[in-house]
Amino acid sequence: MTARKSGSRLETEIERCRSECQWDKIPELVRQLSAKLISNDDLGELLLGECKLQTYLKENPLKQGASPRGPRPKLVEVRKHLTAALDRGNLKADYLQEASLLMAKLCYVEGEYRDALGHYGKVSLDDMQLVGAPVYRLSMIAEAYATKGLCLEKVPAASPSLSNKNTGSPSSVKSTSDREQEIITCYEKSGDIALLYLQEAEKALSAGIQNRSPKPGPTSQDIELGYFLETGLQRAHVIHFKNG
């Protein structure tokens, strides 16, 4: 019973650190988790992959307008952690979805847009639960929609008419129109969920300030959308403007 309660407290602390983007604390929490709950080794792989990816992006921020290309040596460990978490198949369904979303994000960072879309294809984003979801997962889902939209813009729509260069045919026009609508829908859903994320993050931080003794930590001013959500919002406006 004591071990179960301790594990529960630990998982709550992990969720808090993920929601507050305190990635530097995750490795030590994973060590504690592995010591208490042996079956959670795969969760540890997921968490280590996530914290290393997020730390990399914080230290090497992506620039809007620039196209990521090629693997980075520092991301090799990220892929190793996420691959282990996915391949063993021992994760709970929610965590398995998270691992796929993180792998898709990694693929985007490395410029592998088709691979990223393949990982999104394994996860039904529309079916992911938003009500009662942890704050970090709301951010993750919002980012996933934005990143999927960015990938769709990079990867040409597969169409026989396009491959035959018959770009003036009705089917070609329909394909292009459908693809643009899919992209816009991704960005719109990303924006809606990002708003929900900001609201829930604000509430969580306010509750945390009331419940914990004063100590250094994120404040409401520290909540940021980040590259993926900001770019997604901008691209939605650009496409709407272009289409009149």
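Things worth noting here:
- Spatially proximal aspartates and glutamates relative to K63 (Cα-Cα < 13 Å; intrachain offsets below 8 disregarded): E230
- Spin-label model distance (nm) - T185 vs L62, 7 Å beyond Cα toward Cβ: 2.2
- Net lengthening on full extension, D192/H237 (0.36 nm per residue, minus Cα-Cα): 14.8 nm
- In this simple spin-label approximation, E11 and D127 carry label points 7 Å from Cα along the Cα→Cβ vector, and these lie 2.2 nm apart.
- Net charge of neighbours whose Cβ lies under 14 Å from the Cβ of A99, counting Lys and Arg as +1 and Asp and Glu as -1: +2
- Which of L47, L225 has the fewest Cβ neighbours within 10 Å, and the rest in rising order: L225, L47
- Set K154/K203; K80/K203; K25/K203; K74/K203; K36/K148 screened for pairs whose C-alpha atoms are more than 30 Å apart: K154/K203; K80/K203; K74/K203; K36/K148
- Taking other residues whose beta carbon is less than 12 angstrom from the beta carbon of K189, and scoring Lys, Arg as +1 and Asp, Glu as -1, yields -4.
A short reminder: the numbers here are calculations on the coordinates, not readings from a lab. What you see is a predicted model, and the numbers here were worked out from it, not measured in a lab. Note: ideal-geometry Cβ built from the backbone for every residue, glycine included; neighbour counts use all protein chains shown.
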